[in-house]
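Some notes on the structure that comes next.
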Amino acid sequence: MKRNPSRCWKMHLGGLVMGLTKIRLGDYIERSTVNNSDLKYGIDFIAGVNNQGIFTAPKGNTEGVDLKPYKIVNNGAFVYNPTRLDLGSIAYRMENLCIVSHLYMVFYLTEEGKKIIDPLWLFIYFRRAEFCREVTFRNFGSQRPEFNFSDMSDIIIPLPDIKIQQKYVEIYNAMLENQKSYERGLDDLKLVCDAYIEDLRQEMPCEAIGSYIVMVNESNMEGKVTHVQGVESSGSFMDTRANMNDVDISKYTIVRKGNIAYNPSRINIGSIAMYYDEMPCVVSPMYSVFKVINNEKVLPDYLMLWFGRTEFQRYTWYYAVGSVRDTFDFKLMKEVELPLPSIEIQKDIISILSVYNNRKEINEKLKAQIKDICPILIKGSIEEAVKAEEA
């Protein structure tokens, strides 16, 4: 039997003013397990959810994947990764239909739920660090830290009146539209950069880069460098997420400014980056690290421009498939062929890329601001509901 919410309300100006409503979320959502059993939707419809709460195209190879168990996601669906919800891996679908891995949880607001809950307000609620901490707390001690649908259903939410919810959703949407507008300009700049590169590929012969790069094997034997990093699939260095207790980092490889490091087993999804910091770091000995030795012929930033392309990721996957461990080792890296224009032209392309990267960084800050405002919006809507209740 559905539980009745506990409402707090007062009479005001001859009408009914509702304050906060504490609800059990499970009374207003329903899980969906509808899958792609008839294979109506192909690989072009596959999506995943990242930690920024955004649907993304798959980065791995999807050829030959059985799409029958994939779940169908329509507009209005909430989708989350049960093992990564504590990191923010939940999204709300507002675009066209997609399909997601059967490992994801998919749910919708019920008809009753739509009457009292604005879905974007609920999404903002999920995007807060406070919610991620609650997920972590609930997962603690479980055999498998997995936030299943019953866990989601048991969440108790202090819910303001839907008109108050909508007021704060409008603020969120305004900020989101500003960020999206900026991002569209960013995409246009990227197209210019990619077009420049494609023209070079069509007009110039390609040349193997092997004679212009050399592998770096500087071991951290004395253990002086303690800053352990890895390379994300986004193409940037990050502090390692691995548990480093009792790990001997004397065998790790030192990475200095200007060096390029990549994960041979994950380069096909973008795990390659150039190191820009003055202070060196160390990476796992599983990584390949190299540097450019002829700056009169090729600039490392020019190489990174090529390495960041999805075409390069497909290239590395194709050539790694035939190896023993499906890894793109340094020998294969040396065989990569690129058009190598004059240094002046390379600098021109890098300048365009630099503008793009600067604007990309600003765009990421805008995204971070939108996430940071989520707890403020939720707090504001709840406080307004309390004031309405007390009036």
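Any read-out appearing in this document is the output of simple, stated calculations on the displayed coordinates, not a laboratory observation. In this text the structure is predicted, and so the values were computed from the model without any measurement. Here the Cβ positions follow ideal geometry from the backbone for every residue, glycine too, while neighbour counts run over all protein chains shown.
Kirkwood-based Rg over Rh for the chain (C-alpha set), two decimals? Write down the numbers at each step before the final one.
Values: Rg = 25.1 Å, Rh = 24.2 Å.
Here the Rg-to-Rh quotient is 1.04.
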Original post:
Can you list the equivalent-ellipsoid semi-axes of segment 205-340, largest first and in whole Å, using the square root of 5 times each Cα gyration tensor eigenvalue?
Top reply: 25, 17, 13
**OP:** Starting from the amide H of ASN35, placed 1.01 Å from N in the peptide plane, find each other amide H under 5 Å away whose residue is 5 or more places distant or on another chain.
**Re:** ILE72
Subject >> segment 345-381 residues near the modelled ASP199 label - backbone nitrogen below 18 Å, point 7 Å along Cα→Cβ >> reply: 345-356
Original post:
Where in the chain are the DSSP H helices whose alpha-carbon span along the long axis reaches 18 Å or more and whose Kyte-Doolittle mean is at least 0.5?
Top reply: none
**OP:** For LYS387 and SER150, compute 0.36 nm times the residue count separating them, minus their Cα-Cα distance, and round to one decimal in nm.
**Re:** 82.0 nm
Subject >> Separation in nanometres of the label points that stand 7 Å from Cα toward Cβ, at THR226 and GLU170 >> reply: 5.4
**OP:** Please name whichever of ILE293, GLY258, ILE269 sits farthest to the positive end of the charge dipole of segment 246-391, dipole taken about the Cα centre and charges placed at Cβ: Lys and Arg +1, Asp and Glu -1.
**Re:** ILE293
**OP:** Kindly give Rg over Rh for segment 144-269, based on alpha-carbon atoms, with the Kirkwood expression for the hydrodynamic radius.
**Re:** 1.14
Subject >> Percentage relative contact order, the chain, counting C-alpha pairs under 8 Å, at least six apart >> reply: 18
Original post:
So, with +1 on the Cβ of K and R and -1 on the Cβ of D and E, and no other charges, what is the size of the charge dipole of segment 205-340 about its Cα centre, to the nearest 20 debye?
Top reply: 140
Subject >> Extension gain (nm, one decimal) between SER181 and TYR276, 0.36 nm per residue minus Cα-Cα >> reply: 31.2 nm
